[in-house]
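The values are calculated or read from the model by the stated rules, or taken from the named source; none is laboratory data. A quick note: this is a predicted structure, and the numbers were derived from the prediction, not measured. Neighbour counts run over all protein chains shown; Cβ positions are idealised from the backbone, glycine included. These accessible areas exclude ligands, DNA and RNA; they are computed on the full protein's heavy atoms, side chains included. Shrake-Rupley method; radii C 1.70, N 1.55, O 1.52, S 1.80 Å.
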Amino acid sequence: MADGGGRWGRRTVLRRTALLAGGAALGVAGTAQSTWIADRRLPLAGGPASATLGNRYQQVGAGAVEVSWGVRTTERLIALTFDDGPRPQWTPMVLDTLAEHAVPATFFLVGERARRHAALVRGRLAGHEVGNHSWAHHDLARMDAAAAYDDLRRSHDAIVAATGTAPRLLRPPWGHLGGAVLHAAARLDYRLVLWTLQMVEGEFPHDPAGHARRIVADVQPGTILLAHDVGTEQRLVALRGLPDLIAGLRARGYTFVTVSQLLHRAAVV
């Protein structure tokens, strides 16, 4: 309502401004609260938080899931891993470097990319290991148990078709775990593999040698090292520094092994 001569009075303007500001604040708070409530109310029975599916017999393979971040060992062993591939821009470069230096690695493949770019890895993974990294790099920890299993099963089949090898290891995108992920991993007889140390490309822009020195200094026996053969341009720092990283770790007495070899060696020590 206007005061005298069609103009807003100062008190009216201040009151309406305060109401608008309060409404906006409530809107932001309401959005945050509704998101929090939605997350809190994610379904338990068969949902992302649940490690069981229904009330019938749980078809979960061997009935157990192991989760590994690395291993405790006195041997100077390191497992080099690459996530998110394959992709034409980077994966061949990584494979060429590993072949030149006779270094085995473990590739956690995205199923959709493995199917689309099968020619990049077909026949080139001898001596290496493959793991499952989901079908399309969506967050498995937000899926229900059935959806997480379907995603991983689809990816599993695509990786087998592309590489001729059935993956036995799973690394969920971003390392996100949930009950549904554990349940799906058990059904597929997977071992869950996270990492002890990861590349820090953002700290060494345009300095591959500096980045390699930093990682070499941080490695300890039994490390699982996370790298990527897909991503933004800054990640190329780590890939271009791979020869220096390999040389530096070998100078410290380290031997490169696949993840499964690392886990096996630790189990028998």
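Of the residues making up region 85-128, those that are among the charged types (D, E, K, R) and either surrounded by fewer than 22 Cβ atoms within 10 Å (Cβ to Cβ) or over 22 Å from V193 (Cα atoms) (or both) are R87, D96, E100, E112, R115, R116, R122, R124.
For (1) part of a loop (DSSP other than H, G, I, E, B); (2) among the hydrophobic types (A, V, I, L, M, F, W, C); (3) out of contact with any helix residue (DSSP H, G or I) (no Cβ under 9 Å at 6 or more places or on another chain), each residue gets a yes or a no:
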| site | (1), (2), (3) |
| --- | --- |
| G127 | yes, no, no |
| A136 | yes, yes, no |
| Y149 | no, no, no |
| H156 | no, no, no |
| V181 | no, yes, no |
| A185 | no, yes, no |
| D189 | yes, no, yes |
| W195 | yes, yes, no |
| G202 | no, no, no |
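Count of region 158-173 residues, restricted to those that are open to solvent by less than 10 Å² (accessible area, probe 1.4 Å) and part of a loop (DSSP other than H, G, I, E, B), is 3. Among the residues of this structure, D150 counts as one that is over 24 Å from A238 (Cβ atoms) and either among the charged types (D, E, K, R) or without any contact (Cβ under 8 Å) to a residue 40 or more places away in the chain (or both).
Taking the numbered list (1) modelled with pLDDT under 95; (2) within 16 Å of the chain's Cα centre (by Cα) in turn, L152 passes all entries but (1).
One line per residue, one yes/no per condition, for (1) surrounded by 11 or more Cβ atoms within 10 Å (Cβ to Cβ); (2) on the phi < 0 side of the Ramachandran plot; (3) part of a helix (DSSP H, G or I); (4) modelled with pLDDT under 60:
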site: V28; (1), (2), (3), (4): no, yes, yes, yes
site: T52; (1), (2), (3), (4): yes, yes, no, no
site: R72; (1), (2), (3), (4): no, yes, no, no
site: T81; (1), (2), (3), (4): yes, yes, no, no
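Quick one: in region 227-238, which of the residues that are open to solvent by less than 10 Å² (accessible area, probe 1.4 Å) and of a type in the set (A, V, I, L, M) is farthest from V259 (Cα to Cα)? Ranking the qualifying residues of region 227-238, first place goes to A238. All told, L120 falls short of being of a type outside the set (G, A, S), within 19 Å of D83 (Cβ to Cβ) and in a loop (DSSP other than H, G, I, E, B).
Picking from G47, G63, which residue would you name as being of a type in the set (G, A, S), assigned to a loop (DSSP other than H, G, I, E, B), at pLDDT below 90 and at positive phi?
Values: G47 fails: at positive phi.
Being of a type in the set (G, A, S), assigned to a loop (DSSP other than H, G, I, E, B), at pLDDT below 90 and at positive phi holds for just one of G47, G63, which is G63.
Per the listing A148, A180, A158, the residue uniquely in contact with an Asp or Glu (Cβ under 8 Å, 6 or more places away or on another chain) and closer than 16 Å to S50 by Cβ is A180. With respect to V94, is the statement that it is in a helix (DSSP H, G or I) and touching a residue at least 60 places away in the same chain (Cβ under 8 Å) true? Yes: the conditions hold for V94. From the list H176, H183, the one residue that fits, being in contact (Cβ under 8 Å) with a residue 40 or more places away in the chain, out of contact with any Pro (no Cβ under 9 Å at 6 or more places or on another chain) and either over 30 Å from Q234 (Cα atoms) or open to solvent by 30 Å² or more (accessible area, probe 1.4 Å) (or both), is H183.
Residues of region 187-208 that are farther than 18 Å from D229 by Cα and open to solvent by less than 40 Å² (accessible area, probe 1.4 Å): L188, Y190, L192.
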